[in-house]
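Below is one structure; the comments refer to it alone.
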Amino acid sequence: MQKNYYQILAISPDATAAEIKKAFRLLAQRYHPDKNAGQAFTNDHYSAIREAYEVLSDPVKRRDYHSVYFKEGSRLKLHTSPDDILISARKLASRIKAADPARIDRDALAFSLHQLLSGYHINLLRQNAEAVLIRAVIGQIMICLAPVPFRDMQAFLQPLTALAGDDAVALATITSHFRNAKLLHYWNRYKILAVLLITILLSLAIYYL
């Protein structure tokens, strides 16, 4: 799957060379590893920003990229407003709620969630959306994560946290969801052992009484 370099740099496909350069400088400064030590999401995003700029700033590489980009365009969803992102998140959440959990294509779901939580969309929301809209997006994504196994769910923790920023309410929602998912994961993993242990203890108690 071809990366959407325009999403990464938060620019439109018809951006000029000057606009590409300006976007790169702004994002490279914001996500530079020296300013975000120890944050894997921002470090990975910085690498993606450099990669996108290397391709889009070179006329030949950009032309070659376009031959693939526009061919796959139907799958590369570029939202241009916070409202668009919320609408997509709600549509995805509605499909997940209506679907049979056992028949959900988890790879397709992960792809859709990664698109919603791309660096471009996070940047767009953080710069242009009110806190209440960001919380709504996060809430819809929490619904979408319901059928995702906890081990796979963890890949979305850092981008969700980046989206929440310093919003205590949004961060609390994320923390609570992941904590509950973790508890459920370990309960499902060890519940048979727990029941067996309780049975043994009850049997011993009855025997010695």
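Observations
- Hey, residue 199 of a type in the set (S, T, N, Q) and either under 27 Å from residue 48 (Cβ atoms) or not in a helix (DSSP H, G or I) (or both) or not: no
- Among the numbered conditions (1) closer than 19 Å to residue 45 by Cβ; (2) modelled with pLDDT under 85, the only one that residue 121 does not meet is (2).
- Any hit, region 158-181, residues being at pLDDT 80 or above, outside any loop (DSSP other than H, G, I, E, B), among the hydroxyl-bearing types (Ser, Thr, Tyr) and within 13 Å of the chain's Cα centre (by Cα): yes
- Residue within region 125-132 that is surrounded by fewer than 19 Cβ atoms within 10 Å (Cβ to Cβ), of a type in the set (Lys, Arg) and part of a loop (DSSP other than H, G, I, E, B) present: no
- Residue match in region 110-121 (condition: over 17 Å from the mean Cα position of the chain (by Cα) and either in the same structural domain as residue 178 (by TED's automatic domain parsing) or closer than 30 Å to residue 20 by Cα (or both)): no
- Subset of region 135-162 that is among the aliphatic types (A, V, I, L, M) and farther than 25 Å from residue 98 by Cβ - its residue that is surrounded by the fewest Cβ atoms within 10 Å (Cβ to Cβ): 157
- Test: residue 114 is modelled with pLDDT of 80 or more, surrounded by 12 or more Cβ atoms within 10 Å (Cβ to Cβ) and assigned to a helix (DSSP H, G or I): yes
The values are calculated or read from the model by the stated rules, or taken from the named source; none is laboratory data. For clarity, every value in this text was computed on a predicted model and none was experimentally measured. Cβ coordinates were reconstructed from backbone atoms using ideal geometry, including for glycine residues, and neighbour counts include every protein chain displayed.
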